[in-house]
Amino acid sequence: MQNKLIVVTGPTGSGKTTVTEYLNEKYGIAQVITHTTREPRSNEQNGKDYYFETNESFQNNHYLEQVEYSGFHYGSSYEGLRRAWLKSPVASIVLDTAGAITYANKLGDEVAIVFLHVTNVEVLKHRLLKRGDNVDIVERRLQSPEYKRDLHLPKQLKPDAIEITNDDWKMARIKIDNLVKQIKNEIEWN
Ligand SMILES: Nc1nc2c(ncn2[C@@H]2O[C@H](COP(=O)(O)OP(=O)(O)O)[C@@H](O)[C@H]2O)c(=O)[nH]1
Ligand SMILES: Nc1ncnc2c1ncn2[C@@H]1O[C@H](COP(=O)(O)OP(=O)(O)O)[C@@H](O)[C@H]1O
């Protein structure tokens, strides 16, 4: 049996975390925990949602890739991926589109890329505010070049990525279920 990594990417608020939590709860798909220097949100836990780092401690890890997103550092490690694959042959990771391109290039057929988006981008801001994000942080994020970039699927990912419109969670979930079915067949995982 092979390993597979489901890379979930797309703009902020599009439902990346929702998808990885669903994959974990319904299919036992382990999440790769990444590192960030941004502040935890009120419902987030260190070691579960992220490893929350200072600018200094962030430098102490070995990254497969790292990026800056809206003024903060984010990075993911081979160790994190190995830890997730030890738990389940299929793992998932949430990345910005730059990270998704790096993973597609480095891991090739081992990754399945899911690009989430919504039909009306105004919806994203409402979702972030409803999620309880700080208003100033949301405004800054929506002005960032990374946010604008991630609204669109990069051309490098177009041939392979599965695009899912997450206007309606029930509809999106069906597409996620189909993807898992496909992966299970491919790597003979039950
Ligand atoms: N390339 C890369 N992107 C990451 C990593 N961890 C998180 N991200 C991305 O960083 C962006 C900001 O994440 P976050 O602050 O949690 O905001 P959210 O997308 O609104 O939940 C999102 O696009 C994440 O997918 C990482 O290790 N590498
Ligand atoms: N289809 C949907 N319809 C309405 N709200 C959604 C939908 N999908 C996710 N959400 C909500 O939108 C907010 C942002 O989703 P989240 O998964 O945190 O996005 P991301 O990780 O991409 O920033 C969360 O509060 C989540 O519960």
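The values are calculated or read from the model by the stated rules, or taken from the named source; none is laboratory data. Since this is a predicted model, take the numbers as computed values, not measurements. Here the Cβ is made from the backbone with ideal geometry for all residues, glycine too, and neighbour counts use every protein chain on show.
Per the listing 129, 95, 179, the residue uniquely surrounded by 15 or more Cβ atoms within 10 Å (Cβ to Cβ) and either within 29 Å of residue 40 (Cβ to Cβ) or of a type in the set (Val, Ile, Thr) (or both) is 95.
Among the residues of the stretch 178-190, is any among the hydrophobic types (A, V, I, L, M, F, W, C) and at pLDDT below 95? The answer is yes; a qualifying residue exists. Look at the stretch 6-35: where a residue is at negative phi and aliphatic (A, V, I, L, M) and a partner is near ligand 1 (Cβ under 9 Å from one of its atoms) and in a loop (DSSP other than H, G, I, E, B), sitting 6+ places away or on another chain with Cβ atoms under 8 Å, you get 7/95; 8/95; 33/49. Looking across the stretch 1-56 at every residue that is touching a helix residue (DSSP H, G or I) at 6+ places or on another chain (Cβ under 8 Å) and modelled with pLDDT under 95, the one that is nearest to residue 166 (Cα to Cα) is identified as 41.
Across the stretch 16-26, the qualifying residues are those that are within 12 Å of residue 173 (Cβ to Cβ) and either more than 9 Å from ligand 2 (Cβ to nearest atom) or of a type in the set (Lys, Arg) (or both), and the one among them that is surrounded by the fewest Cβ atoms within 10 Å (Cβ to Cβ) is 25. Scanning the stretch 100-107 turns up one or more residues that are within 16 Å of ligand 2 (Cβ to nearest atom), modelled with pLDDT of 95 or more and assigned by TED's automatic domain parsing to the domain that holds residue 126.
Every residue, every condition in (1) within 18 Å of residue 114 (Cβ to Cβ); (2) surrounded by fewer than 18 Cβ atoms within 10 Å (Cβ to Cβ), yes or no:
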site	(1), (2)
11	yes, no
14	yes, no
60	no, yes
80	no, no
86	no, yes
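Of the candidates 121, 114, the single residue that is within 15 Å of ligand 2 (Cβ to nearest atom) and farther than 16 Å from residue 7 by Cβ is 121. Checked against (1) surrounded by 18 or more Cβ atoms within 10 Å (Cβ to Cβ); (2) within 11 Å of ligand 2 (Cβ to nearest atom), residue 165 meets all criteria but (1).
Which helices (runs of 4 or more DSSP H) sit wholly inside the stretch 1-107 and have at least 2 residues that are within 12 Å of ligand 1 (Cβ to nearest atom) and closer than 23 Å to residue 141 by Cα?
Numbers: elements: 16-27, 55-58, 78-87, 97-107.
Filter on the stretch 1-107 gives 16-27, 97-107.
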